[in-house]
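The values are calculated or read from the model by the stated rules, or taken from the named source; none is laboratory data. Since the structure is predicted, the reported quantities are computational estimates derived from the model, not experimental observations. Because the Cβ atoms are built from the backbone with ideal geometry, glycine has one as well, and the counts that use them run over all protein chains shown. Each accessible area value is taken on the protein alone, full model and side chains, heavy atoms only, with ligands, DNA and RNA left out. Shrake-Rupley method; radii C 1.70, N 1.55, O 1.52, S 1.80 Å.
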Amino acid sequence: MDIDNPFKSPVDFGSSEPAVSGNTIQIRPFPIRMSRFHCSVLTPKEVSLMLHQELVNYCREQGLQVVEGPAARQIEAEIAEVEEGNQALRYLLPFLAGQAKVTVKGEIRQGKRPAQPFEISRNFHMGAFGGSSKTMIKQGLQRIAMQIGVHVGAETQPANSASSMFAKFYVPGVIVAALLLAIILATICYQTSLTWPERHDGMPKNERWIFWLMSSWMWYIACAAGGYAFAPQSVLTSRAFVKIREIVGVKSILAMRIVFGIFTVLPVVGIYFFAKLV
């Protein structure tokens, strides 16, 4: 047994276990390593329950059925470290001192297969006026739960399945398509602007390349955000999308679509008002 990660061990449930559904999962309670628990804003029980509930939600999002009894998969882990840090230090010395940190160690078990150990940490170095330690710890638990849930969901389907391959190529595909579309749309806007007469308070024609440059960037943001806002559910809940979900910082898929929708509309509005200056 690994001392640093006591869960790192193969598991054999034996042939006497009753048959269980292939999409079931059991999430065991999360003990806390009290020697590494330095938090006054949340109790150990609150932290443990919070991680458990977040993980239940993300596993259900992946189409898994969370059960208390025998299941096809089990998640067993411990909250290895909770450090609230110091808000004043984060405000005065961001990235240098006072960081908040959450670490979870454990393993995912599936029948007689070797267990899959994991260790996930989330660090927070700065925020508004140093950032609330309580909020940072909650965000850390939520992001760790999302990563575990997405990983388990990805294991339920082959890596070369149609949905996995589609999600894998969709994210970079949107980036490339948005870039090409942005160049085309910005060029159309620029060529159109050259047909407009010059105004004494407007932009001279020989300087309207600036309009092309700015509109290219805004069209790129709008096209990329639009591609993600209308992405299939399988893409938004995939492993390939985890980092983007963390950056966006919202929990539900609907909220994420709304955020991307806003970033689709705002650049277009910006182009409209910028064109009036030309």
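Per residue, the accessible area of the chain comes to 54 Å², computed with a 1.4 Å probe over protein heavy atoms only.
With Cα atoms as the point set, segment 46-129 shows a radius of gyration and Dmax of 16.6, 51 Å.
Sorted into 5 angstrom bins from 0, the C-alpha pair distances of segment 107-243 split as 2, 8, 12, 11, 11, 12, 12, 9, 7, 6, 5, 2, 1, 1, 0, 0 percent.
For the chain, take N as its residue count and report Rg(C-alpha) divided by 2.2 N^0.38 Å.
1.29
Round to a whole angstrom and tell me the spacing of the C-alpha centers of segment 22-51 and segment 225-244. Measuring centre to centre over Cα atoms gives 28 Å. Among 244, 182, 53, flag the residue with its Cα farthest along the positive direction of the charge dipole of the chain, charges on Cβ as +1 for Lys/Arg and -1 for Asp/Glu. The residue sitting most towards the positive pole is 182. Restriction of the chymotrypsin sites (Phe, Trp or Tyr not before Pro) in segment 41-111 to DSSP coil positions whose beta-carbon has at most 10 other beta-carbons within 10 angstrom yields 95. Taking amide H atoms as placed 1.01 Å from N in the peptide plane, the amide H of residue 81 lies under 5 Å from those of 103, each 5 or more residues away in sequence or on another chain. Of the complete DSSP H runs in the chain, those spanning 15 angstrom or more by Cα along the long axis with a mean Kyte-Doolittle score not below 0.5 are 162-193, 209-229, 253-277.
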